[in-house]
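**Q** Here it is: the structure, laid out below.
The values are calculated or read from the model by the stated rules, or taken from the named source; none is laboratory data. Because the structure is a prediction, the values reported are computed rather than measured. Here the Cβ positions follow ideal geometry from the backbone for every residue, glycine too, while neighbour counts run over all protein chains shown.
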Amino acid sequence: MPTEAKRIEIDALAEKSKASAAIYVIEYRGLTVSKSTAVRKLVRAACGEVKVAKNTLMRIALRESGLPTADGIDKGPNAYVFAYEDPAAVAKVLRDFSKERGNEALIIKGGIMASKHLSRDQVLAMADLPSREVLLAQLLGVMNGPIRGFVTVLSGPSRGLVTALSQIKEQKEKAA
């Protein structure tokens, strides 16, 4: 039975797990304090949160949240990154930070999203996705395409009439 302090931490982790759109598991062994502070700032700017927790407590919190546990990737010193709004933006921050020279100690192990396990490759593929705003703009462009084409077709006859009338006007001016 967990102690009262552990129970409070489990409840806080379960609350964060329920509120997040995705949870990423990273290994931070070898990061300096300044670099771990830098990654926390970057994740916070992307509407996420980095939390270092005992793997056992996180497993219990995930189970209580109704999410699958991060079996296999929750060994060793892990930090859990909660993505509250845009999971792709947080994944992009983690990927970009780990690619920078000197930050190789940050290792993305995997994650959990929509009650499914994510492998490291899936997290990196998610980081390659465009941002939410870009995806919405692309969707809007696709939806507006047929409407734009319909308006162009409807305006064709009137545009042709105006062109014909202007050419008749030019011919009459030349003849006069």
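**Q** Give the residues of region 1-42 that are closer than 19 Å to MET113 by Cα and out of contact with any Leu (no Cβ under 7 Å at 6 or more places or on another chain), sorted by residue number.
**A** ALA12, ALA14, GLU15, LYS16, LYS18, ALA19, SER20, ALA21, ALA22, ILE23, VAL25, GLU27
**Q** For GLY72, only one of the following conditions fails: (1) assigned to a helix (DSSP H, G or I); (2) over 21 Å from the mean Cα position of the chain (by Cα). What is its number?
**A** (1)
**Q** Quick check on this structure: which one of GLU133, GLU170 is modelled with pLDDT under 85 and either under 29 Å from the mean Cα position of the chain (by Cα) or not in a loop (DSSP other than H, G, I, E, B) (or both)?
**A** Testing whether each residue is modelled with pLDDT under 85 and either under 29 Å from the mean Cα position of the chain (by Cα) or not in a loop (DSSP other than H, G, I, E, B) (or both) leaves just GLU133.
**Q** Now, a different point. From the list VAL90, VAL25, which one is assigned to a helix (DSSP H, G or I), in contact with a strand residue (DSSP E or B) (Cβ under 6 Å, 6 or more places away or on another chain), under 27 Å from ARG132 (Cβ atoms) and hydrophobic (A, V, I, L, M, F, W, C)?
**A** The match here is VAL90.
**Q** For region 52-65, which positions are surrounded by fewer than 16 Cβ atoms within 10 Å (Cβ to Cβ) and touching a strand residue (DSSP E or B) at 6+ places or on another chain (Cβ under 7 Å)?
**A** VAL52
**Q** Restricting the first residue to region 104-127 and requiring it to be touching a residue at least 24 places away in the same chain (Cβ under 8 Å) and surrounded by fewer than 17 Cβ atoms within 10 Å (Cβ to Cβ), which pairs with a second residue that is of a type in the set (Asp, Glu) and assigned to a helix (DSSP H, G or I) meet a Cβ separation below 7 Å and a spacing of at least six or different chains?
**A** none
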